[in-house]
């Protein structure tokens, strides 16, 4: 097999608007977000079952917590987001 042209993964960015102070800012990567998941109350053996991850960011202007829609985040970026 011979590679004729190498591809590049395009940079990811997402514009987010704060509903509290109406600031629009851009998330440029996984370091700008964090993930949280809550326990569902079910126990599998000795381990507590957790629900799906939800992704959040903090408004740089007012400091409010903003939930980011998971469908707007690429899978490779989701994998790098750290949990709190």
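The values are calculated or read from the model by the stated rules, or taken from the named source; none is laboratory data. For clarity, every value in this text was computed on a predicted model and none was experimentally measured. Neighbour counts are summed over all protein chains in view; Cβ atoms, including those assigned to glycine, are modelled from backbone coordinates with ideal geometry.
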Next on the checklist: Taking the criterion of being modelled with pLDDT of 90 or more and loosely packed, with under 11 Cβ neighbours inside 10 Å, would at least one residue in segment 34-41 satisfy it?
Outcome noted: no
Next on the checklist: For the list (1) within 14 Å of residue 12 (Cα to Cα); (2) touching a strand residue (DSSP E or B) at 6+ places or on another chain (Cβ under 7 Å), I need the number of the one condition that residue 28 fails.
Outcome noted: (2)
Next on the checklist: Restricting to segment 50-68, name every residue that is more than 12 Å from residue 17 (Cβ to Cβ), touching a strand residue (DSSP E or B) at 6+ places or on another chain (Cβ under 8 Å) and not in a strand (DSSP E or B).
Outcome noted: 51, 53, 60
Next on the checklist: Looking at (1) in a loop (DSSP other than H, G, I, E, B); (2) within 22 Å of residue 9 (Cβ to Cβ), which one does residue 76 not meet, given that it meets all the others?
Outcome noted: (1)
